[in-house]
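Here's the structure, in structure tokens; my notes come after.
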Amino acid sequence: MAVSSEVPLPPATGAWREGDPPGRRRWHSRKKPLPLEAGGELPGVRLAFETWGRLAPDGSNAVLVLHALTGDSHVAGSAGPGHPTPGWWDGLVGPGLPLDTDRWFVVAPNVLGGCQGSTGPASLRPDGRRRWGGAFPFLTQRDQVAAEADLADALGIGRWALVVGGSMGGMRAVEWAVSYPRRVGALLLLATTAAASAEQIAWANIQVHAVRGDPYWRGGDYHDTGRGPHAGLGLARRLAHVTYRSEPELHIRFGRRPQDGEDPFGGGRYQVESYLDHHAAKLVRRFDAGSYVVLSQAMNAHDVGRARGGVRAALHRVTAPTLVAGVDSDRLYPLAQQSELAARIPGADRPRVIESPYGHDGFLIETEQVAALVREILA
């Protein structure tokens, strides 16, 4: 009897679901529906989060760490049941590390709209019978920060000693400092911006179209059909990953070399194509296409100056001592955006530059340089 050599399809969604191992996650459920900036409200809001260290009796040692687009609450720790990947800032959080858990109480929530335990498109609605799917509402960064403020209240944290985030996490970090200036003791912004630019919106829009153009998207209601929009999500990831890295790095790392054992003239791949295929395949197994769309749209909506008199007036609300850093090879969030943040936040020092060949991803990869910034702002 012939044995099929086909690789099994991944599940319809890579989202964490009820019944999956919880790992290190804890949950906070909001008691009231969350009012949304775009109108309406979201009932049944629940945030997954992880913590490290112990909260001081007066709540003064809490640090909030905010993840990027496809990140999650698992900032530190190994991969294992409930956590498909190791901690994404594993070298920064722990005893004796820059975010020393013998001193600091570190909190990392999974963003509202995400897919690793927090309420998002893959979640069941409050009635427990249907998933949100394509009916999940439009979110903004302000909505997400409001949900995180409710979590802080539940934990007994009136003021964060430090709020830190990069990329999408940096958007939420600056929104925290503008929305709740008295609740942010210090601010570290990495590879982020005060408002999404036209080019950033354009790149994200193409990725959203890739997901929605997949025939298995089904209007966002694919979660229980057995097959999700893997091709569309994979294409979105391939495109995004090129913007996350730099051209010199891709040239040095891959050049025009073919993948081992493959001939591009005969239908085979170049090494860089294999690299992108690998990252696409990883993402569809650990992420949800609906969350990718919701979070991408929230990033496109990011503008701290909206309804606040513009970016300059909004950033003037920030009272926290601030460090802003960018990556010198970042073509997605260029240094000019970090320079604007540093120039317009009253308590900001001069902008710092992370030297890296890795492009936007440098804020995740250059751990030693980021560690120095964390130590500086906490000092």
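Subtract the Cα-Cα distance of K31 and R253 from 0.36 nm times their separation in residues, and report this length gain in nm to one decimal. Can you show the working numbers first?
Numbers: separation 222, 0.36 × 222 = 79.92 nm, distance 5.04 nm.
Gain in length upon complete extension: 74.9 nm.
Treating only the Cβ atoms of Lys and Arg (+1) and Asp and Glu (-1) as charged, compute the dipole magnitude of the chain about its Cα centre; round to the nearest 20 debye. Could the numbers behind the result be given before it?
On the way: 41 positive and 39 negative charges, 204 e Å.
Computed about the Cα centre, the dipole is about 980 debye.
According to the square roots a ≥ b ≥ c of the eigenvalues of the Cα gyration tensor, what is the shape class of the stretch 6-82, taking rounded for a/c under 1.5, prolate for a/b larger than b/c otherwise, and oblate for the remainder? List each step's numbers first, then the result.
Values: a/c = 2.16, a/b = 1.20, b/c = 1.80.
Because a/c hits 1.5 or more and a/b fails to exceed b/c, the stretch 6-82 counts as oblate.
Residues of the stretch 21-114: accessible area per residue at 1.4 Å, in Å²? Mind dumping the intermediate values first?
On the way: 3820 Å² over 94 residues.
Value for the stretch 21-114: 41 Å² per residue.
Search the structure for amide H atoms under 5 Å from the amide H of A348, placed 1.01 Å from N in the peptide plane, and list their residues when 5 or more places away or on another chain.
Excluding prolines and chain starts, which carry no amide H, the hits are T322.
Just grab the label-to-label distance for I365 and T85, each label 7 Å out from Cα along the Cβ direction, in nm (one decimal).
1.4
Restricting to the chain, compute how many DSSP beta bridges are antiparallel as a %, nearest 5. Please list the in-between numbers first.
Values: 14 of 35 bridges.
Here the share of antiparallel DSSP bridges comes out near 40 percent.
May I ask you to give the percent of accessible area on the stretch 100-244 that is carbon plus sulfur, with a probe radius of 1.4 Å? Please report the intermediate quantities before stating the final value.
Working: 2430 of 4770 Å².
About 51 percent, which is the carbon plus sulfur part of the accessible surface.
Please turn the phi angles of the stretch 14-20 into ³J(HN,Hα) values with the Karplus equation 6.51 cos²θ - 1.76 cosθ + 1.60 (θ = phi - 60°), one per residue in order, whole Hz, x for glycine and proline.
x, 5, 5, 10, 3, x, 6
Gain in length, R218 to R54, computed as 0.36 nm per residue apart minus the alpha-carbon separation, to one decimal in nm? Mind dumping the intermediate values first?
Details: separation 164, 0.36 × 164 = 59.04 nm, distance 4.47 nm.
Separation in residues times 0.36 nm, less the Cα-Cα distance, equals 54.6 nm.
Using a 7 Å offset from the Cα along the Cα-to-Cβ direction at both T225 and E355, what is the distance between the two label points in nm, to one decimal?
Modelled inter-label distance: 5.1 nm.
Check E37: other-chain or 5+ apart residues with amide H under 5 Å from its amide H, H built from backbone geometry?
It is T140, D143, by chain and number.
Going by the alpha-carbon gyration tensor, a ≥ b ≥ c the square roots of its eigenvalues, is the stretch 285-367 rounded (a/c under 1.5) or, if a/c is not under 1.5, prolate (a/b greater than b/c) versus oblate?
Numbers: a/c = 2.38, a/b = 1.16, b/c = 2.05.
It comes out oblate by the Cα gyration axes.
Rounded, prolate or oblate: which fits the stretch 1-142, taking a ≥ b ≥ c as square roots of the Cα gyration tensor eigenvalues, rounded meaning a/c under 1.5, else prolate when a/b beats b/c? Can you show the working numbers first?
On the way: a/c = 2.37, a/b = 1.19, b/c = 2.00.
Cα axes put the stretch 1-142 in the oblate bin.
I'd like to check one number: the per residue accessible area of the stretch 237-316, probe 1.4 Å, reported in Å² as a whole number. Let's see the in-between values first.
On the way: 3810 Å² over 80 residues.
I get 48 Å² per residue for the stretch 237-316.
Please identify the DSSP H helices in the chain that span no less than 18 Å along the helix axis (Cα) and have a mean Kyte-Doolittle hydropathy of 0.0 or more. List each step's numbers first, then the result.
Values: long enough: 141-155 (21 Å, -0.31); 198-212 (21 Å, 0.13); 230-244 (20 Å, 0.19); 271-286 (23 Å, -0.77).
Answer set is 198-212, 230-244.
The values are calculated or read from the model by the stated rules, or taken from the named source; none is laboratory data. What you are looking at is a predicted structure, and each value in this text was computed from that prediction instead of being measured. For neighbour counting, all protein chains shown are included, and Cβ atoms are generated from backbone atoms with ideal geometry for every residue, glycine included. Ligands, DNA and RNA are stripped out before the accessible areas are found, and what is left, the full protein with its side chains, is counted by its heavy atoms. Shrake-Rupley method; radii C 1.70, N 1.55, O 1.52, S 1.80 Å.
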